[in-house]
Structure formats: C-alpha cells, structure tokens
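Read through the structure below, which is laid out as structure tokens, and then see the notes.
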Amino acid sequence: MKDQNSMTLRLHMNSERVQNSMKIQLTSFTKEGGVLCRRLRRELVNLGYEAEGCCKYATEDLMLLTEDIRTHTKKAFEDCNAVIFIGAAGIAVRAIAPFIRSKDSDPAVLVIDEKGRYVIPVLSGHVGGANSLAVRIAGILSAQPVITTATDINRKFAVDTWAEEQGCFIANIENIKYISAAILRGETVGLHSDFPVDGSLPEYIDTSDNAHAGICISREYKQYFPHTLHLIPKQYVLGIGCRKNTAYENLLEVVNSVLRSHGISACEVGAVASIDIKAGERALIMLAKHLKIPFYTYPAQELSAVQGSFSQSDFVRETTGVDNVCERAAVNVGNGRLAAGKYSRSGITVAIAQKEWRCSFEDNTGIFGS
C-alpha cells in the first residue's frame with residue numbers, strides 16, 4: 001500500500017471545467033423522451049444543478065444531438081458528474097461500456113424510460129451518487145427508483161456512501177467489498193478512528209479489534225484489520241489568491257510545495273476557496289476539478305467580516321477590496337482555523353485552514369438504505 005501522505009498533485013490537463021454543484025448531462029432519443037428531458041432539466045436547474053439536455057429530435061430548450069452517441073458519451077464522461085439517458089437501457093449500456101474505468105472515477109449513470117415511470121442507476125451507485133440521485137429524480141417525476149445495490153435494498157450501512165457524505169477520501173477503494181460483504185452476512189465489522197466518534201454505531205459496526213474486516217479512519221495508513229478499508233478525512237481547505245490567467249502548472253507547483261512543507265496530503269484537501277472575482281479563474285477551476293472537490297468563492301465584504309488575525313496587504317486591499325484573500329477564504333469554509341498562513345510565490349498566495357472533523361453516524365443522509 002502506497003503511503004497516502006506522500007501523495008502530490010500530478011499535472012492533469014485533459015479537462016478544464018468544474019462547477020461548484022453537480023453537473024448533469026441528459027440525453028434523449030425520441031420525441032416523447034425529449035419532452036421528459038426538457039421537464040427534468042428545468043426541475044434540476046431549479047434545484048441548483050448545472051444540467052444540460054439534448055435530444056435527437058428538435059425540442060425547445062434542448063440541444064440537438066447531431067454527433068454519434070459514442071463521441072457524445074465520451075465527452076459527458078469527461079465533463080460531467082452524472083450522465084442520464086432517457087430511453088432503452090441497452091442503448092445506455094453500449095454507450096458507456098468503452099469508457100468505464102473505476103468506481104472512484106466514473107460518473108453516476110442513470111437510465112429513465114421515456115414515460116418517466118422508472119429511474120434506474122446503472123453505474124457508480126454509491127461513490128458516484130447514482131443511487132441518491134435516482135431517488136431524488138424519482139421524487140421529481142413521481143417515478144419508481146429501481147435500486148439494485150445489495151446494501152441499499154437490505155437497508156444496511158453503505159460505507160462508501162457514508163465516506164463520501166462525511167468528506168473522507170477512500171484510500172483503497174477495492175476493500176469496500178470486504179466491508180459490505182461482511183455486513184450482508186451479518187458479521188461484525190471493526191472500526192478504528194483517530195477522530196472523535198459521534199452517534200450510535202450502525203448495526204454490525206463495532207470498535208472491536210478482532211474483526212476480520214474493518215474500517216480505519218486516520219491520516220496515516222494502518223493495517224488494523226486483515227482487510228482494512230482506510231478512510232482519510234478531508235479536513236483541510238486551500239485558500240488561494242492569484243494573478244489573472246495564472247498557469248495551471250505554476251499553481252500546482254506552489255500548492256504542492258505548501259502541502260509538502262506542512263506534511264499534508266493532497267487527499268486530505270476538501271475544498272478550494274477564493275474571492276468571487278476569481279470564480280472564473282481557469283487554474284483554480286482545474287485544481288478543484290483535479291481534486292474532485294468544490295471551489296467556493298466569496299465577495300470581498302464577506303471575507304472582510306471573517307473573524308481572526310490575518311496578514312494584511314495594502315496592494316491586495318486596493319485590488320480586491322479586502323486586505324487578505326487566501327487566509328480569510330480558507331478560514332471561511334466551515335469556520336476552520338488557520339493551519340498555515342499565507343505563502344506567496346510567483347503571483348500566487350496559498351493558505352491552509354483546518355476544519356474540525358468528527359466521525360458522525362447520525363442517520364440523516366439516507367446512507368442506511370432507502
């Protein structure tokens with residue numbers, strides 16, 4: 001097992017787009033499917049999703065699907081968090097087959113029949129969020145979600161969904177199967193946490209160290225059980241300021257340097273934050289895309305109101321309207337504490353805040369089945 005604390009950000013130039021909310025691509029293949037696609041797209045946009053819809057037939061508010069389905073699906077896999085096909089399941093399966101890679105990188109994929117009766121998650125049910133999205137869309141359409149994941153249909157604890165909801169990096173995703181299989185067999189799954197634990201433990205989860213399979217929540221990898229699922233809390237926030245049109249490779253170099261100097265792994269970073277005038281900054285958008293984390297931006301007035309002791313710059317105040325961007329933005333996410341003050345190089349400033357993280361098992365996210 002590779003030491004996760006040695007992880008740094010590798011240059012990744014294939015995709016340049018990221019949004020703060022889930023980005024969804026809807027594709028329909030019939031006229032009736034186009035009507036449903038238009039309706040669902042509008043509903044999703046109203047809920048705050050970035051949703052784009054297309055159809056093979058000209059439909060109001062939808063793009064016309066003119067390219068072949070393979071090319072279209074490839075683009076959707078690269079750019080989107082979720083891909084929804086309105087039509088036959090067979091079309092969807094054949095379309096996505098060449099692009100499936102792994103459960104920690106594939107987008108959620110769902111199929112909906114053109115009558116809007118059934119919503120079927122077919123890929124990335126837990127980690128990608130397909131199951132929860134299916135339930136939400138079914139509610140919008142008054143449809144039936146067709147969930148086939150064993151832990152969900154048996155109303156058992158789903159560790160991968162829980163980890164995502166809790167903001168944890170799953171270091172060895174291949175070991176999820178040992179946890180889920182043990183729970184489905186009714187066997188005890190161990191839990192070791194270096195962080196405080198709140199709430200009642202789910203059924204079959206126990207702090208015993210005698211279990212054959214177990215969950216270890218720690219910054220450091222520990223083979224605590226014969227089959228250990230290692231979860232790393234994303235408890236740090238990168239606050240960043242930079243010149244306009246900063247090169248992505250320069251930003252990566254500075255960010256990696258700051259993380260290494262403070263002994264923080266890239267997989268422990270849960271968000272990127274800056275001032276609102278940087279909301280369209282390509283390098284910051286790509287960084288968030290690379291890390292698969294949200295990119296938050298705040299107006300100068302809100303940053304100025306953040307409580308704490310921060311370094312000050314007259315130049316930054318004159319330029320942005322606030323005396324410090326990186327430190328204030330980092331602390332403002334989750335009301336964290338400043339863990340690393342402003343570091344400046346090549347027109348880039350980086351600060352790190354640490355949020356309080358606790359291991360919570362309160363069942364308020366739907367992770368115990370639906």
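What does the accessible area per residue of the range 82-215 come to in Å², with a 1.4 Å probe and no ligands, DNA or RNA counted?
Per residue, the range 82-215 has an accessible area of 43 Å².
Which order do you get for Arg358, Arg328 if you rank them by accessible area with a 1.4 Å probe, largest at the top?
Listed by decreasing accessible area, they come as Arg358, Arg328.
In debye, nearest 20, what is the charge dipole magnitude of the chain about its Cα centre with +1 on Lys and Arg Cβ and -1 on Asp and Glu Cβ, if you could check?
720
Which percent of the accessible heavy-atom area of the range 115-271 goes to carbon and sulfur, probe 1.4 angstrom?
Answer for the range 115-271: carbon and sulfur cover 44 percent of the accessible area.
If you roll a 1.4 angstrom probe over the protein chains with everything in place, what fraction of the accessible area of the range 44-113 belongs to carbon and sulfur, to the nearest %?
Carbon plus sulfur share of accessible area: 52 percent.
In this model, which of Lys156/Lys292; Lys23/Lys289; Lys177/Lys222; Lys56/Lys115; Lys23/Lys278 are farther than 23 Å apart at the alpha-carbon?
Check vs 23 Å cut-off fails for Lys156/Lys292.
In bins 5 Å wide, starting from 0, what share of all Cα pairs of the range 189-307 does each bin hold, as a percent?
Computed distribution, short to long bins: 2, 10, 16, 16, 13, 12, 10, 9, 7, 4, 1.
For the range 254-299, what does the accessible surface come to per residue with a 1.4 Å probe? Please give it in Å².
Accessible area per residue, the range 254-299: 32 Å².
Can you list the residues, at least 5 places off or on another chain, whose amide H is less than 5 Å from the amide H of Asn172, using H built in the peptide plane?
Close amide H contacts, sequence-distant or interchain: His230.
Label Ile153 and Lys115 with points 7 Å out from Cα along Cα→Cβ: what is the distance between them in nm?
Modelled inter-label distance: 2.1 nm.
Residue by residue through the range 313-324, what is 3J(HN,Hα) from phi via Karplus (6.51 cos²θ - 1.76 cosθ + 1.60, θ = phi - 60°)? Round to whole Hz and write x for glycine and proline.
So the Karplus estimates, Gly and Pro as x, are 9, 5, 4, 5, 4, 5, 7, 10, x, 9, 6, 8 Hz.
Could you go through the range 98-109 in sequence order and give the Karplus-derived ³J(HN,Hα) for each residue, using 6.51 cos²θ - 1.76 cosθ + 1.60 with θ = phi - 60°, rounded to whole Hz, and x for Gly and Pro?
Residue by residue, the range 98-109 yields x, 10, 6, 10, 7, 5, 8, 10, 5, x, 5, 10 Hz.
If you average the C-alpha positions of the range 51-88 and of the range 232-276 separately, how far apart do those two centres end up, in angstrom?
That distance is 33 Å.
Restricting to Cα pairs below 8 Å that are 6+ residues apart, what does the relative contact order work out to for the chain? Please round to a whole percent.
Relative contact order, the chain: 15 percent.
Sequence-distant or interchain residues sharing an amide H contact under 5 Å with Glu114, placed H: which?
For Glu114, whose amide H was placed from the backbone, the distant partners under 5 Å are Gly87.
Report the dimensions of the range 228-295 along its three principal axes from the alpha-carbon atoms, largest first, rounded to Å.
Reported extents, whole Å, longest axis first: 44, 22, 16.
May I ask you to give the percent of accessible area on the range 280-370 that is carbon plus sulfur, with a probe radius of 1.4 Å?
Roughly 45 percent of what the probe reaches on the range 280-370 is carbon or sulfur.
Find how much the distance from Lys244 to Thr66 grows on full extension, using 0.36 nm per residue of separation minus their present alpha carbon separation; answer in nm with one decimal.
So the extension gain works out to 60.5 nm.
Give the label of the value calculated from the structure for semi-axes √(5λ) of the Cα gyration tensor in Å, choosing from [x] 35, 30, 17; [y] 67, 23, 16; [z] 39, 25, 19.
Derived directly from the coordinates: [x].
Stretched out fully, how many nm does the piece from Thr319 to Ser261 gain, at 0.36 nm a residue minus the Cα gap?
My answer for the length gained is 18.0 nm.
The values are calculated or read from the model by the stated rules, or taken from the named source; none is laboratory data. Nothing here was measured: the structure is a model prediction, and the numbers come from that model. In this analysis, Cβ positions are derived from the backbone assuming ideal geometry, glycine residues included, and neighbour counts consider all displayed protein chains. With ligands, DNA and RNA removed, areas are computed over all heavy atoms of the protein, side chains included. Shrake-Rupley method; radii C 1.70, N 1.55, O 1.52, S 1.80 Å.
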